[in-house]
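Taking it in order: structure first as structure tokens, then the write-up.
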Amino acid sequence: KTTTVPNVDGSINNTEEDDEDDVVDLAANSLLNKLIRQSLVESSHRVEVLQKDPSSPLYSVKTFEELRLKEELLKGIYAMGFNRPSKIQEMALPMMLAHPPQNLIAQSQSGTGKTAAFVLAMLSRVNTLELFPQCLCLAPTYELALQTGRVVERMGKFCVDVQVMYAIRGNHIPRGTDVTKQIIIGTPGTVLDWCFKRKLIDLTKIRVFVLDEADVMIDTQGFSDQSIRIQRALPSECQMLLFSATFEDSVWQFAERIIPDPNVIKLRKEELTLSNIRQYYVLCENRKDKYQALCNIYGGITIGQAIIFCQTRRNAKWLTVEMMQDGHQVSLLSGELTVDQRASIIQRFRDGKEKVLITTNVCARGIDVKQVTIVVNFDLPVNQAEEPDYETYLHRIGRTGRFGKKGLAFNMIEVDKLPLLMKIQDHFNSSIKQLDPEDMDEIE
Ligand code: ADP
């Protein structure tokens, strides 16, 4: 059976895919993060540093001036609106710019200034008098490579003699062309092709090698091996840098294989907590009933903005249509949209153009919309074994203790799902109060 529902833009599509849960695509998430990012992400933790030579002095900088950069590079940094190095940059930049160059493995969540740091390192190491590739940066996708390239272009705006080129599929270079650009950014497959098959890049002349988004990279079939083949052909004096937003064992193992004698920098993520969230649940008979409860809540309290999570695309669509028919301004964010479309929906929501955002699991992470006052689990997050998905619950509802404001969370629960909710309550050791949707006065 297929259903026909209008999309938010009025168009119609009915696919069996509507029934699918949205799967998390690491590269797409990373790109989305970049597209919607407006400022640095803060962390109250200290940067952990592991030096390859613990006896050598450890430098950190509080200003960009201390780095003795080329004048035009410093101008580029200020033109981007950077006043001072981010937490991770304070430690990473002196290491990256040291003489002789040092290798580095750096891990911190997205938005903490890693890209800006290695772009700065690449730009500062280019010899503008030499017209051949000197810096090579590997990225997991075409789009992510372009994003990094944009940062090179912005930061290097005043470095007029430095140029970037993309080694990505679709960028056809005629036979016999001499590549004169100093910075190459590309995906492993195409870079490999350009280096070994087409001989467009001479790897023995590369001074800085960057492997960005290592966690996304190892998630893609073949990329680890291709990256290692490239790395093996680099000269021993080439500086090697690896960045990752997360650091599971698999990333670490890969990092150690590909980066010899590294310094290691880590910045722990701000933990999410439920302690500053008041959580409620409403017992419901069925989907219609859940919707009614939602309307009551919506009518009963003054809401700034709300995010409503559904388990499936189909439910999310259904709810969107219901709410629109009742005259609410809502938008739907789901996995079938392109990353650009998602970014623009999130942006509109942030700008307050819509009050309600309905979404599936894809978007549970990474959206940080400060003005959201309530989060609704229209469906509880469960995993394939139909057990509660605690991590997703925390990501949907939790906030960081230090930077987050107080929030309200509502769970719409069918009676048979009540045990799941109780498990969640026990797991987090936090209370979720029952609410009579007819009586909003209960909300403190
Ligand atoms: P990451 O690579 O860790 O995701 P980025 O380098 O992309 O982080 O930086 C995240 C955001 O913060 C970007 O918008 C970037 O322009 C900005 N940014 C980076 N470094 C600084 C800084 N020192 N001061 C202010 N903003 C910065």
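Assess whether residue 107 counts as being touching a Lys or Arg at 6+ places or on another chain (Cβ under 8 Å), more than 7 Å from the ligand (Cβ to nearest atom) and closer than 19 Å to residue 34 by Cβ. Yes; evaluated as a whole, the condition is true for this residue. The set of residues from the stretch 70-89 being of a type outside the set (Gly, Ala, Ser) and either assigned to a helix (DSSP H, G or I) or more than 13 Å from the ligand (Cβ to nearest atom) (or both) comprises 70, 71, 72, 73, 74, 75, 77, 78, 87, 88, 89. Taken over the stretch 236-246, the criterion of being within 16 Å of the ligand (Cβ to nearest atom), buried (at least 20 other Cβ atoms within 10 Å of the Cβ) and of a type in the set (S, T, N, Q) is satisfied by 244 alone. Of the residues making up the stretch 215-235, those that are surrounded by 18 or more Cβ atoms within 10 Å (Cβ to Cβ) and outside any loop (DSSP other than H, G, I, E, B) are 215, 216, 217, 218, 223, 224, 226, 227, 230, 231. Taking the criterion of being within 15 Å of the ligand (Cβ to nearest atom) and surrounded by fewer than 16 Cβ atoms within 10 Å (Cβ to Cβ), the only residue of the stretch 247-268 that qualifies is 268. Residue 128 meets the stated requirement of being in contact (Cβ under 8 Å) with a residue 12 or more places away in the chain and either surrounded by fewer than 23 Cβ atoms within 10 Å (Cβ to Cβ) or more than 25 Å from residue 80 (Cβ to Cβ) (or both). Within the stretch 95-104, being in contact (Cβ under 8 Å) with a residue 60 or more places away in the chain and either within 14 Å of the ligand (Cβ to nearest atom) or over 27 Å from residue 33 (Cβ atoms) (or both) holds for 96, 100, 101, 102, 104.
Any chance you could count how many residues in the stretch 316-330 are buried (at least 20 other Cβ atoms within 10 Å of the Cβ) and either part of a helix (DSSP H, G or I) or of a type in the set (S, T, N, Q) (or both)?
5
Only a single item in (1) modelled with pLDDT under 95; (2) within 21 Å of residue 112 (Cβ to Cβ) is not met by residue 210, and it is number (1). For the stretch 343-350, check the following and say yes or no: at least one residue is modelled with pLDDT of 85 or more and in a loop (DSSP other than H, G, I, E, B). Looking for residues that are modelled with pLDDT of 85 or more and in a loop (DSSP other than H, G, I, E, B), one finds none in the stretch 343-350, hence no. Just one of the listed residues (92, 117) is surrounded by 24 or more Cβ atoms within 10 Å (Cβ to Cβ), in contact (Cβ under 8 Å) with a residue 12 or more places away in the chain and either near the ligand (Cβ under 8 Å from one of its atoms) or in a loop (DSSP other than H, G, I, E, B) (or both), namely 117.
Table: residues versus (1) assigned to a loop (DSSP other than H, G, I, E, B); (2) within 14 Å of the ligand (Cβ to nearest atom); (3) closer than 22 Å to residue 26 by Cβ.
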position	(1), (2), (3)
130	yes, no, no
137	no, yes, yes
140	yes, yes, yes
146	no, yes, yes
149	no, yes, yes
154	no, yes, no
157	yes, yes, no
162	yes, no, no
165	no, no, no
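Inclusion of residue 31 among residues that are more than 15 Å from the ligand (Cβ to nearest atom), aliphatic (A, V, I, L, M) and modelled with pLDDT under 90 is not warranted.
The values are calculated or read from the model by the stated rules, or taken from the named source; none is laboratory data. Computed from a predicted structure; not experimentally measured. With ideal geometry, Cβ positions are generated from the backbone for all residues, glycine too; neighbour counts draw on all protein chains shown.
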